[in-house]
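Enquirer: One structure is given below, represented as structure tokens, and several questions about it will come after.
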Protein chains: 2
Amino acid sequence: MSREIRRTMPLLSMSIVMQLTELSARQIRYYEEHHLIEPHRTEGNRRMFSLNDVDTLLEIKDYLEQGMNMAKIKKLFAKKKDPVATTEDQNLSDSELRQIMREEMRQAQRMQKSSIRRGDLSRFY
Amino acid sequence: MSREIRRTMPLLSMSIVMQLTELSARQIRYYEEHHLIEPHRTEGNRRMFSLNDVDTLLEIKDYLEQGMNMAKIKKLFAKKKDPVATTEDQNLSDSELRQIMREEMRQAQRMQKSSIRRGDLSRFY
DNA sequence: ATACTATGTTAGGAAACCTTACATGGTTGG
DNA sequence: CCAACCATGTAAGGTTTCCTAACATAGTAT
């Protein structure tokens, strides 16, 4: 059974995700409104998050703390998903994207080496 | 951050554990009454389970389906924790214990090889 | 035949979560 | 400088999920 499935399986409730990410419920719902995450829903309409969702939230948090705004973050995510999208007003230059990706890679490397880092989900599961 | 911590971190709510284990809430609470698991509690008194708890529950389920009763399962778990416990009425013979352990080992091996097996938690996370 | 074991079910209450709406400090463009 | 907007806080009212406690029951063991 693939790692993909494990990471997309909705296992976590709102309160746990709040603890894991140190975000408020309001913030998490707001990011969902902007389609940056799409948590699963139970029959009773409760959100259930996957580990991937948590990762995404930590990424969003990081970008926001770096001063990026939602609009830019949305474009960033859109482009990461489909780097050759043809929408006209995708005004996030390729060089900007590459810049960000490069930083992510460097961060990932650092995570391999040092032990604990903010945003390192492996603390939790 | 150690695997140990990841696996003991209370992340999962009752409903999710019910799905993962295919046990009823009643059953899960009953096994807790017998101290086979000790889920964490939130401030509001809700149970929060770790991945280890889920493993334990699947193990219990397996033993029960094999016809073992709670009393025996309790002794089995006690002895697995402390194989040299000195309580008098620990009437689970060493050979019985070794027998069970051997089967577990064989099962674990099979899990390495074949893909999906009941009791294989890796389906989920 | 009786007692026990493991589980189901029900009731009443509390915690956690939901959506919607309004409030607000910080930033931004005119 | 001010109006608009952005990201977030907060409050209200309602629903879902979970809690404990108690009683019911089919199957098993004594």
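Enquirer: Restricting attention to the range B:1-89, which trypsin sites (Lys or Arg not before Pro) occupy a DSSP loop and are surrounded by at most 15 other Cβ atoms within 10 Å? Show your work: numbers first, answer last.
Expert: Numbers: sites: B:ARG3, B:ARG6, B:ARG7, B:ARG26, B:ARG29, B:ARG41, B:ARG46, B:ARG47, B:LYS61, B:LYS72, B:LYS74, B:LYS75, B:LYS79, B:LYS80, B:LYS81; in loops: B:ARG46.
Those that pass, being in a loop and sparsely packed, are B:ARG46.
Enquirer: Where Lys and Arg each count +1 and Asp and Glu each count -1, what net charge lies around B:ARG47 among other residues with Cβ under 11 Å from its Cβ? Write down the numbers at each step before the final one.
Expert: On the way: positive: B:ARG29, B:ARG41, B:ARG46; negative: B:GLU32, B:GLU38, B:ASP53.
It works out to a net charge of 0.
Enquirer: Now a separate question. Which lysines, if any, have their Cα less than 23 Å from the Cα of B:LYS81, not counting same-chain residues under 8 positions apart?
Expert: Candidates past the 8-residue exclusion: B:LYS61, B:LYS72.
Enquirer: Let me ask something additional. R0 = 25 Å: FRET efficiency of A:ASP82 with A:ARG41, Cβ-based, nearest 0.05? Spell out each step's value before the answer.
Expert: Numbers: r = 25 Å, r/R0 = 1.02.
Working from the Cβ atoms, E equals 0.50.
Enquirer: If the chain between A:ARG98 and A:ASN69 were fully stretched, how many nm would it gain, using 0.36 nm times the residue separation less the Cα-Cα distance? Write out the running numbers ahead of the final one.
Expert: On the way: separation 29, 0.36 × 29 = 10.44 nm, distance 1.81 nm.
Roughly 8.6 nm would be gained on extension.
Read-outs: derived from the displayed coordinates by stated rules, not from any lab. As the structure is a computational prediction, the values presented were derived from the model and not from experiment. Please note: Cβ atoms are built from the backbone with ideal geometry, for glycine as well, and neighbour counts cover all protein chains shown.
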